[in-house]
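Below is one structure, written out as structure tokens; comments come after it.
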Amino acid sequence: MNIICLVKPVPDVENFSYDYEHHVLLRDRGYQIINPDDETAVSAAFDLKQQFPGSTVETLTMAPPGARPYLEDLIRRGVDRAVHISDPLFAGSDTYATSGVLAKFLMDQTYDIILSGTQTLDGGTAHIPAQVAELLGIQHISDVSRIDRIALEEQTATVNVESEDSLYTFEIDLPAVLGMAYSARNRLPYIPYDAINEEVGGKMKTVTNTDLGLERSRVGLTGSMTQVLRVEVHTYARKEILRVGTDDESIDQVYQFLEKRGFLQP
Amino acid sequence: MKRVLIYIDQDAIEESLDLLEAAEQMYGADSYTAYGLSVGSACSRAEGIVDHLLVIDAEKMSSYDVQNITACIDELHGSYRFNAVLFPATLFGRMIAPRAAVRLRAGLVAEVTEVHHRGNDILLVRPAFSGRMLAGIITKGDGPVMMTVRNNTFTRRKRVRKDTEIHVVHPSCSSPPGVRLIEHRRKEAVQDIRESDVLVAGGGGVMRHIEQLEDLARELNGMTAASRRVVDSGRAPRHIQVGQSGKTVSPKLYIAIGISGSIQHAVGLKNAECIISVNSDPYAPICALADIVVIGDGMEFIQGLLKKIREHRTASSENGFPEAKEYRGNLPGNGGR
């Protein structure tokens, strides 16, 4: 079985850089982590590989050159091949343009299943998996909490999906894009000690627009259907704030406050 | 007249109809025609509210058949040329909207929180970057303006009852559904943090002690809640998560312990009346929202406050009210509390 995982390195939310003049994220700085939902997806792919010996797990990433070390580490953690789509022409692509690039690459690949995180930590739109599926003309389902069963002969998967108030089990035709919901239980293995410096360049593939041949008007800022006009780093309205510590006197002040407002039970 | 299509999720009908308020903010109350799209049933609750109700026959399509619903929206757009297409950000709304945006070659903005105008453009605001920023976004191209909106973001105003025209849609594009429902179970109803007047919420700073928040919550007759970080770590269940990816709450008292308070979290506590923030970092963003900022260790605070509350109770019971709680209702002069 061929499994392709869509993976995005995301900047650490505590520490990001943003170009306020051009309204684009400076993705080349401050990479910190693989998007947690995507990590769950790769981990689910490893589980499938164990169930179906001989399977291959490949990751697909569109990101600036700075992402490469993170993709190399994915290989050291057990990924068979990492594809890195990177081209200055793609900078500033929104989800629409990005899906177009990813789908263009995927069109020429063979796969039984595409796994991704449901959403990313930075954008958080959950658009990409659905849009890639639409462009490839295949099924998609998001918020998958568990892949229950894959029936390769029938080309179907049985998956559990969880929403705020419901649990669903669906059967979905393959190939399909499954958007995994983050699960703390499905984390990637650590890099084995003897693989820390392993040379993995042979398992990396870099793809540029020379390979994909997309028109310039379809990618980057010009190919995007949305445009960020204004960004505010949120500042909260000022009001009178009582600042205290955790010493006895301070706790007493908090107690008085709670009592005055009627929060303490008689 | 502008034409606005609203996707009505059968599991969130009122929430879907609330999107009329977003449409109204985009175009003005009398300048648009509202089309509701209902898959599977006629959706009587939308009658009188939308101008046109487009109904796709249940036999033709199920509400989780996103690929065919997308094709159908494309077909409808071909005949009606909508100016905007709005989806509730439900499980399926969030799956259909991006597919439809590709079909319609349209800009889609996810989880819009505000609608503004800028010249002739409609500026849609959403939190981005894990809630660290608010982005104002316009859509480009000739396609309709598309968005998803979370529950409780907009609230529909009462309007004069409309004469809703019902149109049964016969999609020409339907293929056998590639997704089939095997089982659907409602989760057990758990006590909802949205209904609690008092919430004691824990964040990354107290991640390892989240169960100790329970004591304080119980003492204050409230419930515990958690930030995304705690829930993601598996230390608290998803249904008690506050914030953009969790629930929007409006308690009378919100005690945030060890929560830094990204916008994403703050979005979830828009209408909290009093906020007490306990944090070792005096510059944590949530501190600016708070009435009281306690700078220090969360556990120390909880233990200190619990001790104080219990001391006061013991003191009052020594004053002749051994079981004040039980007696109180019968004591004279106790009214008006």
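The values are calculated or read from the model by the stated rules, or taken from the named source; none is laboratory data. These figures come from a predicted structure and were not determined experimentally. For neighbour counting, all protein chains shown are included, and Cβ atoms are generated from backbone atoms with ideal geometry for every residue, glycine included. The accessibility values were calculated without ligands, DNA or RNA, using every heavy atom of the protein model including side chains. Shrake-Rupley method; radii C 1.70, N 1.55, O 1.52, S 1.80 Å.
List of remarks:
- The residue of the stretch B:216-250 that is nearest to the other protein chains (Cβ to nearest Cβ), among those that are among the hydroxyl-bearing types (Ser, Thr, Tyr) and closer than 22 Å to A:Asp122 by Cα, is B:Ser233.
- Only one of the numbered conditions (1) in a loop (DSSP other than H, G, I, E, B); (2) in contact with a Phe, Trp or Tyr (Cβ under 6 Å, 6 or more places away or on another chain); (3) not aromatic (Phe, Trp, Tyr) is violated by B:Ala97, and that is (1).
Every residue, every condition in (1) open to solvent by 40 Å² or more (accessible area, probe 1.4 Å); (2) of a type in the set (A, V, I, L, M); (3) assigned to a helix (DSSP H, G or I); (4) at pLDDT below 95, yes or no:
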position: B:Glu21; (1), (2), (3), (4): no, no, yes, no
position: B:Leu54; (1), (2), (3), (4): no, yes, no, no
position: B:Ser62; (1), (2), (3), (4): no, no, no, yes
position: B:Thr70; (1), (2), (3), (4): no, no, yes, no
position: B:Phe82; (1), (2), (3), (4): no, no, no, no
position: B:Leu86; (1), (2), (3), (4): no, yes, no, no
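- Among residues of the stretch B:28-51, those that are open to solvent by 40 Å² or more (accessible area, probe 1.4 Å) and hydroxyl-bearing (Ser, Thr, Tyr), counted: 3
- Residue, modelled with the highest pLDDT, within the stretch B:146-190, restricted to residues that are open to solvent by less than 60 Å² (accessible area, probe 1.4 Å) and among the polar types (S, T, N, Q): B:Thr148
Okay, residues lined up against (1) touching an Asp or Glu at 6+ places or on another chain (Cβ under 8 Å); (2) in a strand (DSSP E or B); (3) at positive phi:
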{"site": "B:Leu123", "(1), (2), (3)": "no, yes, no"}
{"site": "B:Leu134", "(1), (2), (3)": "yes, yes, no"}
{"site": "B:Ile138", "(1), (2), (3)": "yes, yes, no"}
{"site": "B:Met146", "(1), (2), (3)": "no, yes, no"}
{"site": "B:Thr155", "(1), (2), (3)": "yes, no, no"}
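- Unmet requirement for B:Asp197, which otherwise passes all of (1) within 18 Å of the chain's Cα centre (by Cα); (2) assigned by TED's automatic domain parsing to the domain that holds B:Ala110: (2)
- For the stretch B:191-201, the count of residues that are open to solvent by 60 Å² or more (accessible area, probe 1.4 Å), at the interface with chain A (Cβ under 9 Å from one of its Cβ atoms) and either over 30 Å from B:Asn68 (Cα atoms) or of a type in the set (D, E, K, R) (or both) is nonzero.
- Cβ pairs under 8 Å, 6+ apart, first in the stretch A:125-140 and modelled with pLDDT under 95, second assigned to a helix (DSSP H, G or I): A:Thr125/A:Thr95; A:Thr125/B:Pro98; A:Ala126/B:Arg94; A:Ala126/B:Pro98
- Residue match in the stretch B:102-110 (condition: open to solvent by 40 Å² or more (accessible area, probe 1.4 Å), of a type in the set (Gly, Ala, Ser) and either within 11 Å of chain A (Cβ to nearest Cβ) or part of a helix (DSSP H, G or I) (or both)): no
- The stretch A:79-112, subset touching a Gly at 6+ places or on another chain (Cβ under 8 Å) and aromatic (Phe, Trp, Tyr), residue surrounded by the fewest Cβ atoms within 10 Å (Cβ to Cβ): A:Phe90
- Any chance A:Thr120 is open to solvent by 30 Å² or more (accessible area, probe 1.4 Å), farther than 17 Å from B:Arg103 by Cβ and at pLDDT below 95: yes
- Pairs where the first residue, in the stretch A:244-262, is within 12 Å of B:Ile295 (Cα to Cα) and of a type outside the set (A, V, I, L, M, F, W, C) and the second is modelled with pLDDT of 90 or more and assigned to a loop (DSSP other than H, G, I, E, B), C-beta under 9 Å, 6+ apart: A:Gly245/B:Gly296; A:Thr246/B:Gly296; A:Thr246/B:Asp297; A:Asp247/B:Gly296; A:Ser250/B:Gly296
- Only one of the listed residues (A:Arg76, A:Arg81, A:Arg149) is more than 7 Å from chain B (Cβ to nearest Cβ), over 27 Å from B:Ala135 (Cα atoms) and out of contact with any strand residue (DSSP E or B) (no Cβ under 6 Å at 6 or more places or on another chain). That residue is A:Arg76.
- Exclusive hit being surrounded by fewer than 16 Cβ atoms within 10 Å (Cβ to Cβ), within 8 Å of chain B (Cβ to nearest Cβ) and of a type in the set (Gly, Ala, Ser), set A:Ser142, A:Ser166: A:Ser166
- Remark: B:Gly243 falls outside the filter, which requires a residue to be without any contact (Cβ under 8 Å) to a residue 12 or more places away in the chain and open to solvent by less than 60 Å² (accessible area, probe 1.4 Å).
- Filtering the stretch A:176-205 to residues that are in a loop (DSSP other than H, G, I, E, B), open to solvent by less than 40 Å² (accessible area, probe 1.4 Å) and more than 7 Å from chain B (Cβ to nearest Cβ) leaves A:Ala181, A:Ser183, A:Asn186, A:Leu188, A:Val200.
- Cβ-Cβ under 9 Å pairs, at least 6 apart or on other chains, the stretch A:214-227 side over 13 Å from A:Val101 (Cβ atoms) and more than 9 Å from chain B (Cβ to nearest Cβ), far side buried (at least 18 other Cβ atoms within 10 Å of the Cβ) and among the hydroxyl-bearing types (Ser, Thr, Tyr): A:Leu221/A:Ser93
- Among the criteria (1) within 11 Å of another protein chain (Cβ to nearest Cβ); (2) on the phi > 0 side of the Ramachandran plot, the one B:Gly28 does not fulfil is (1).
- Only one of the listed residues (A:Arg81, A:Arg149) is within 30 Å of A:Glu198 (Cβ to Cβ) and of a type outside the set (A, V, I, L, M). That residue is A:Arg81.
- B:Glu14 vs. criteria assigned to a helix (DSSP H, G or I) and over 16 Å from B:Pro144 (Cα atoms): yes
- Of the residues B:Ala23, B:Ala58, the single one that is in contact (Cβ under 8 Å) with a residue 24 or more places away in the chain, out of contact with any Pro (no Cβ under 7 Å at 6 or more places or on another chain) and of a type in the set (A, V, I, L, M, F, W, C) is B:Ala23.
- Residue among B:Leu213, B:Leu253 that alone is in contact (Cβ under 8 Å) with a residue 12 or more places away in the chain, within 8 Å of chain A (Cβ to nearest Cβ) and either more than 19 Å from B:Ala12 (Cα to Cα) or open to solvent by 40 Å² or more (accessible area, probe 1.4 Å) (or both): B:Leu253
- Residue satisfying condition, being small (Gly, Ala, Ser), within 13 Å of the chain's Cα centre (by Cα), within 11 Å of another protein chain (Cβ to nearest Cβ) and open to solvent by less than 30 Å² (accessible area, probe 1.4 Å), within set A:Ala126, A:Ala63: A:Ala126
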